[in-house]
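A short worksheet on the structure shown next.
The values are calculated or read from the model by the stated rules, or taken from the named source; none is laboratory data. Bear in mind the structure is a predicted one, so any value in this text is a computation, not a measurement. Glycine also receives a Cβ, built like all others from the backbone with ideal geometry; neighbour counts cover every protein chain displayed. When the accessible area is computed, the model is the full protein with side chains, heavy atoms only, and any ligands, DNA or RNA have been set aside. Shrake-Rupley method; radii C 1.70, N 1.55, O 1.52, S 1.80 Å.
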Amino acid sequence: MIKQYESSVAFVPLIAVLEHMAIAKSFAKGKTVDATQEMIALGLCNLSGSLIRSMPVTGSFNRSAINKASGVQTTLAGVMVTIMVLFALVFLTTSFSFIPKATLAAMLIYAVAHVVDYKAIITLWRTKKMDLIPFVITLVASLIIGLEYGILIGIGSNIIFLLYSSARPSIEIEREKFPQGDVFVVTPCRSLQFPSAEYLREKVIQDCYDPKVTVVLNGKHINNVDATVAKNFKVLADDLILREQSIIFWNFKMNVKNICKGVDQKLVDLFTDGNLQDIIEEYVAKFV
């Protein structure tokens, strides 16, 4: 079986789960969807179906949309559909050849048209236009290539956006004046992970170039870091010292300090808390 289906052995279940969850959330109408329960139900359906040589099954946008448009309220509709299908196969099979495919397609398009949320485009345009890019990519890929590949491509495009956002966090740099001298206050607006470690160092090295000005790295928004970020803190401190600039790590959480302590004990000596004015008086005065 693996030799015959190759990568489809893993690909088919993945698509089945994704499509099933997308349909469930689409028709939830504000109700909570338990992904675990949905996957258990889907797995039991395919497990029991395999006993009678059934093909792998999942939810269907077309059938779900038709049921909704028909006013279906309970799962009894499945029994009625089964009876109608068996009846049609026995008595109406020869008549199916006379039904134009365009007619069947029009029925499906009309049923699914009620499910499409056209207002989502307007909402995304008004709120965050960048979200329209993965939306359009998913839509175009689903129409041209197919729903299964469209879902995967949409997931991939969203992952790319998430990785880019993680690798390029917003960093505020302000030059503040104190009686003892100026300081650069660098404030990352989110926690830092390994994709953004090098970006922070390059940003500070490039935008805070002034041998007479101390750099204050404000960690009030940094709740957690990894070892790569901690190592880049050490490299950043060494780079600034080489060009005769001092650096102060201010307002960092204790767990961040402990991680940095594991990288270099001397790095912890650069961490401090308290009022920035008092800190500047203590650390900056000797560099002016």
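Name the residues in segment 232-262 that are more than 19 Å from Phe194 (Cβ to Cβ), part of a helix (DSSP H, G or I) and touching a Cys at 6+ places or on another chain (Cβ under 9 Å), would you?
Leu240
Quick one: in segment 148-187, of everything that is open to solvent by 70 Å² or more (accessible area, probe 1.4 Å) and in contact with a strand residue (DSSP E or B) (Cβ under 6 Å, 6 or more places away or on another chain), which residue is nearest to Gly59 (Cα to Cα)?
Per the stated criteria, the residue is Glu172.
Can you pull out every residue in segment 1-40 that is at pLDDT 80 or above and outside any helix (DSSP H, G or I)?
Once the filter is applied, which keeps residues that are at pLDDT 80 or above and outside any helix (DSSP H, G or I), segment 1-40 yields Thr32, Val33, Asp34.
Out of the residues in segment 221-231 that are in a loop (DSSP other than H, G, I, E, B) and β-branched (Val, Ile, Thr), state the one that is surrounded by the most Cβ atoms within 10 Å (Cβ to Cβ).
Ranking the qualifying residues of segment 221-231, first place goes to Val225.
Quick test for you: out of Arg126, Arg175, pick the one residue that is in contact (Cβ under 8 Å) with a residue 12 or more places away in the chain and among the basic types (Lys, Arg).
Unique residue meeting the criteria: Arg175.
Which is hydroxyl-bearing (Ser, Thr, Tyr), touching a residue at least 24 places away in the same chain (Cβ under 8 Å) and touching a Pro at 6+ places or on another chain (Cβ under 7 Å), of Ser246, Ser166?
Ser166
Among Arg126, Arg190, which is the only one that is assigned to a loop (DSSP other than H, G, I, E, B), open to solvent by 100 Å² or more (accessible area, probe 1.4 Å), at pLDDT below 90 and not small (Gly, Ala, Ser)?
Arg190
Can you tell me which residues in segment 106-122 are modelled with pLDDT under 85, open to solvent by less than 80 Å² (accessible area, probe 1.4 Å) and either touching a helix residue (DSSP H, G or I) at 6+ places or on another chain (Cβ under 6 Å) or part of a helix (DSSP H, G or I) (or both)?
Leu108, Ala111, Val112, Ala113, Val115, Ala120, Ile121, listed by residue number.
Could you give me the residue pairs with C-beta distances under 8 Å whose first residue belongs to segment 45-62 and is part of a loop (DSSP other than H, G, I, E, B), whose second residue is charged (D, E, K, R) wherever it lies, and which are 6+ apart or on separate chains?
Between residues of segment 45-62 that are part of a loop (DSSP other than H, G, I, E, B) and residues that are charged (D, E, K, R), the close pairs are Thr58/Glu19; Gly59/Glu19.
Quick one: in segment 172-187, of everything that is under 11 Å from Ile280 (Cα atoms) and of a type in the set (A, V, I, L, M, F, W, C), which residue is modelled with the lowest pLDDT?
Here the residue is Phe178.
Are any residues in segment 193-220 among the charged types (D, E, K, R) and either surrounded by 17 or more Cβ atoms within 10 Å (Cβ to Cβ) or free of Cβ contacts under 8 Å to residues at least 12 places away in the same chain (or both), and if so, which ones?
Matches in segment 193-220: Arg201, Glu202, Lys203.
Before we move on, is Phe98 at pLDDT 80 or above, open to solvent by 70 Å² or more (accessible area, probe 1.4 Å), aromatic (Phe, Trp, Tyr) and in a loop (DSSP other than H, G, I, E, B)?
Here the answer is yes, as Phe98 does meet what is asked.
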